[in-house]
Amino acid sequence: MTPLSRLSAAEAQHLRGVLFDLDDTLLDAGALTEAAYGALFRLRESGLGLMAVTGRPSSWGKLIARQWPVLAAVTENGAVIHHHDGARVVQLPSRDEAQATRNAARLARLVAELRRHVPALQPSDDAGERLGDYTFDVGEYRQPNEAEIARAIAITAAHGAYWVRSSVHLHVSFEGDDKASGALRALQRLAGEDATRALGAWAFIGDSGNDAACFAAFHTTIGVANLRGRFSRPPRFLTRARAGAGFAEAAATLVRLRT
Ligand SMILES: [Mg+2]
């Protein structure tokens, strides 16, 4: 990883948009600062498309797509996409509704088993707002020990489910999406992007384990200074500031290099 100050003007000028994580990237311990929110408008004014890509529930996506200057909001780690269709906010149809229904039933059985075998793990307070995944609090308000988290991950893997961990939540799901597959689906369907070209033309900004797929997939990747987790391919650039201030720093750098 190199300091963000090493990003070239040519690379910044080549970009068509920015994908960004929410918790501990745009948000500071859940709070949206004026600097971070304002940075979204500066990015848009410099000609960049914007898309939120988060592990938060679909209910957040509905609100973000309605209110923020974004093309779409990808939630539940890639499984759900909300966007404007005229004045309305709509959800992109799931690829296979029958499969989604079967996945929901399997997920309910897995969650019941996790609650029984790892009682120390508590659902996140937004677990009830989710369509495709289920989440346990592993750092937002509670700090379960690592052995309990590892036990939950082992049970999840034995069920053949997908799991991923952010700075706040452990996600379990049978949907099979990750942030990169969800973002690419949104870019193809809503921005008319070719998937291969999009990997080089959209930057990604994130901070933790559930951002790994996007750090690995996209070419221009930026971690905020509080970056944590193990990555097969870490982000190429790192900001000096943490979380929302780091996002604002990334935005200011991109805007300056593009003008
Ligand atoms: Mg995050």
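How many of the residues in segment 224-249 are within 11 Å of the ligand (Cβ to nearest atom) and either open to solvent by 30 Å² or more (accessible area, probe 1.4 Å) or within 17 Å of Arg6 (Cβ to Cβ) (or both)?
Total meeting the criteria: 4.
Here are Ala31, Ala52: which of them is surrounded by fewer than 21 Cβ atoms within 10 Å (Cβ to Cβ) and of a type outside the set (D, E, K, R)?
Working: Ala52 fails: surrounded by fewer than 21 Cβ atoms within 10 Å (Cβ to Cβ).
Within the list Ala31, Ala52, the selection yields Ala31.
Could you check segment 40-57 and list, in sequence order, the residues that are within 16 Å of the ligand (Cβ to nearest atom) and charged (D, E, K, R)?
Arg56
Answer with yes or no whether Ser173 is of a type outside the set (D, E, K, R), away from the ligand (no atom under 14 Å from the Cβ) and within 23 Å of Gly132 (Cα to Cα). Please lay out each step first, then the result.
Working: of a type outside the set (D, E, K, R): yes; away from the ligand (no atom under 14 Å from the Cβ): yes; within 23 Å of Gly132 (Cα to Cα): yes.
Against the criterion (of a type outside the set (D, E, K, R), away from the ligand (no atom under 14 Å from the Cβ) and within 23 Å of Gly132 (Cα to Cα)), Ser173 qualifies.
Considering Thr259, Thr221, Thr253, which residue is open to solvent by less than 30 Å² (accessible area, probe 1.4 Å) and over 15 Å from the mean Cα position of the chain (by Cα)?
Numbers: Thr259 fails: open to solvent by less than 30 Å² (accessible area, probe 1.4 Å); Thr221 fails: over 15 Å from the mean Cα position of the chain (by Cα).
Sole residue among the options that is open to solvent by less than 30 Å² (accessible area, probe 1.4 Å) and over 15 Å from the mean Cα position of the chain (by Cα): Thr253.
From the list Val89, Val74, exactly one residue is in a strand (DSSP E or B), crowded, with 20+ Cβ neighbours inside 10 Å and β-branched (Val, Ile, Thr). Which is it? Explain how you work it out, then say what you get.
Details: Val89 fails: crowded, with 20+ Cβ neighbours inside 10 Å.
When all the criteria are applied, what remains is Val74.
Checking the condition at pLDDT below 95 and at positive phi, which residue from Gly209, Gly229 passes? Walk me through it before giving the result.
Details: Gly209 fails: at positive phi.
Criteria check complete, one pass: Gly229.
Return the only residue of Ala112, Ala100 being at pLDDT 95 or above and either of a type in the set (Phe, Trp, Tyr) or part of a helix (DSSP H, G or I) (or both). Talk me through it step by step, then tell me what you get.
On the way: Ala100 fails: at pLDDT 95 or above.
None of the other options fit; the residue is Ala112.
Answer yes or no as to whether Val89 is over 17 Å from Tyr134 (Cβ atoms) and either more than 12 Å from the chain's Cα centre (by Cα) or among the basic types (Lys, Arg) (or both).
Working: over 17 Å from Tyr134 (Cβ atoms): yes; either more than 12 Å from the chain's Cα centre (by Cα) or among the basic types (Lys, Arg) (or both): yes.
Yes: the conditions hold for Val89.
Considering only helices (runs of 4 or more DSSP H) fully contained in segment 131-208, which possess at least 1 residues that are under 26 Å from Arg115 (Cα atoms), open to solvent by 40 Å² or more (accessible area, probe 1.4 Å) and without any contact (Cβ under 8 Å) to a residue 12 or more places away in the chain? Break it down stepwise before answering.
Numbers: elements: 146-158, 179-191, 195-201.
Of the helices (runs of 4 or more DSSP H) lying wholly inside segment 131-208, those with at least 1 residues that are under 26 Å from Arg115 (Cα atoms), open to solvent by 40 Å² or more (accessible area, probe 1.4 Å) and without any contact (Cβ under 8 Å) to a residue 12 or more places away in the chain span 146-158.
State the number of residues belonging to segment 172-189 that are closer than 13 Å to Ala217 by Cβ and out of contact with any helix residue (DSSP H, G or I) (no Cβ under 7 Å at 6 or more places or on another chain).
1
Can you name the residue in segment 114-130 that is of a type in the set (Asp, Glu) and in contact (Cβ under 8 Å) with a residue 60 or more places away in the chain and, of all such residues, is least open to solvent (accessible area, probe 1.4 Å)? Can you show your working first?
So in segment 114-130, the residues of a type in the set (Asp, Glu) come out as 125-126, 129.
If we keep only those that are in contact (Cβ under 8 Å) with a residue 60 or more places away in the chain too, we end up with 126, 129.
On the way: Asp126: 4, Glu129: 81 Å².
Result: Asp126.
Name the residues in segment 8-25 that are within 19 Å of Ala39 (Cβ to Cβ), more than 16 Å from the ligand (Cβ to nearest atom) and of a type outside the set (Gly, Ala, Ser), would you?
Glu11, Gln13, Leu15, Arg16, listed by residue number.
The values are calculated or read from the model by the stated rules, or taken from the named source; none is laboratory data. The structure presented is a predicted model; accordingly, all values stated were derived computationally and were not measured. Here Cβ is always computed from backbone atoms with ideal geometry, including for glycine, and neighbour counts include all displayed protein chains. The area values use the complete protein model at the heavy-atom level, side chains included, leaving out ligands, DNA and RNA. Shrake-Rupley method; radii C 1.70, N 1.55, O 1.52, S 1.80 Å.
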